[in-house]
Each structure stands twice: as structure tokens, then as C-alpha cells.
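The values are calculated or read from the model by the stated rules, or taken from the named source; none is laboratory data. The shown structure was predicted, so the numbers you read here are calculated from the model rather than taken from an experiment. Here the Cβ positions follow ideal geometry from the backbone for every residue, glycine too, while neighbour counts run over all protein chains shown. These accessible areas exclude ligands, DNA and RNA; they are computed on the full protein's heavy atoms, side chains included. Shrake-Rupley method; radii C 1.70, N 1.55, O 1.52, S 1.80 Å.
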Amino acid sequence: MILRQAFGGTTRFDDFQKELEMSRNLLTARLKKLVASGILERRPIAEEARRHEYVLTEMGEDLFATIIALRQWGDRWLFRPDPPPIRMLDGIDGSELEPIKVRSSLGREITLGDIRLRPRATAKQKARAGNL
């Protein structure tokens with residue numbers, strides 16, 4: 001829920017608390033974990049300010065597609081038959097977001113049945129193959 005708010009532009013502790021209706025202790029603990037994990041960065045609001053804001057790091061921003069995919073899954077399965085309470089729209093043109101699809105590097109849409117797992121060769125295996 002904190003990440004959802006962060007992706008929506010929330011940065012200040014009081015705003016997170018107000019939007020999430022979470023106790024200060026619990027919110028503090030969760031924000032500390034997100035900062036320690038490198039997902040959020042805690043920085044002063046202004047130079048020499050005592051107040052701080054929480055901003056997504058590059059690692060945190062990389063969760064964007066994951067957060068959208070989870071949100072779309074929830075909208076599809078958790079609110080049926082009613083529509084979801086909040087719509088996700090493109091902030092530029094107001095259009096609905098297209099459902100996220102998994103695609104190969106060549107652009108083909110991939111389904112669960114198309115996935116194949118193959119372990120990578122270890123450095124030891126590569127060295128052994130090079131000696132043959």
C-alpha cells in the first residue's frame with residue numbers, strides 16, 4: 001500500500017499516514033524497511049530541514065510494471081462483478097491503461113504454456129567447455 005501511494009506521488013510521512021490510515025509506529029517500521037531495502041530514499045524536504053520525504057529510488061521505480069500488473073489483477077478478480085473503485089488512467093490523455101502482457105524479446109505475446117526454464121552455465125562449466 002505504501003508503494004501504491006509512492007507511485008501515486010505521495011512523499012511525506014503525514015500524507016502516507018493520512019491516506020493509509022496506518023499507525024505512526026507501523027508506518028515508520030515499514031518505511032524503514034523500504035529504505036533499508038533500497039526501494040525508497042529518505043531525504044530532507046529542503047536544505048537543513050528537519051522534515052523528510054520518501055522518494056522512490058531507481059530500484060523502486062523498476063517495480064512500476066509489477067505494481068501495475070498486481071493492480072490490474074486485483075481490479076479483474078477482487079471487485080467482480082462491480083467495477084474497481086478507482087480507475088487507472090494515462091495522466092496525459094486520460095485513456096485507460098492497456099492490460100500488461102508478457103512478450104518475448106521479439107515482441108511475441110507469451111502465455112504460461114510458452115515458458116521454458118533453462119539454467120545458465122556456471123563459470124566452472126564454461127571453463128571446462130573451453131578446455132575441450
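What the table below lists for this structure:
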{"item": "Those residues of the stretch 43-54 which are within 26 Å of A29 (Cβ to Cβ) and open to solvent by 60 Å² or more (accessible area, probe 1.4 Å), in sequence order", "result": "R43, P44, R50, R51"}
{"item": "Per-region count, the stretch 27-42, residues open to solvent by 70 Å² or more (accessible area, probe 1.4 Å) and assigned to a helix (DSSP H, G or I)", "result": "4"}
{"item": "From the options I100, I115, I110, residue that is closer than 30 Å to A36 by Cβ and at pLDDT 90 or above", "result": "I100"}
{"item": "Options T111, T57; residue that is surrounded by 11 or more Cβ atoms within 10 Å (Cβ to Cβ) and either in contact (Cβ under 8 Å) with a residue 60 or more places away in the chain or of a type in the set (S, T, Y) (or both)", "result": "T57"}
{"item": "Total residues in the stretch 57-104, condition of a type in the set (D, E) and assigned to a helix (DSSP H, G or I)", "result": "3"}
{"item": "The stretch 17-33 residues that are within 14 Å of M1 (Cα to Cα), paired with ones that are among the β-branched types (V, I, T) and assigned to a loop (DSSP other than H, G, I, E, B) (beta carbon under 7 Å, 6 or more apart)", "result": "E19/T10"}
{"item": "Residue ID - farthest from T10 (Cα to Cα), chosen from residues in the stretch 60-87 that are open to solvent by 80 Å² or more (accessible area, probe 1.4 Å) and of a type in the set (A, V, I, L, M)", "result": "L78"}
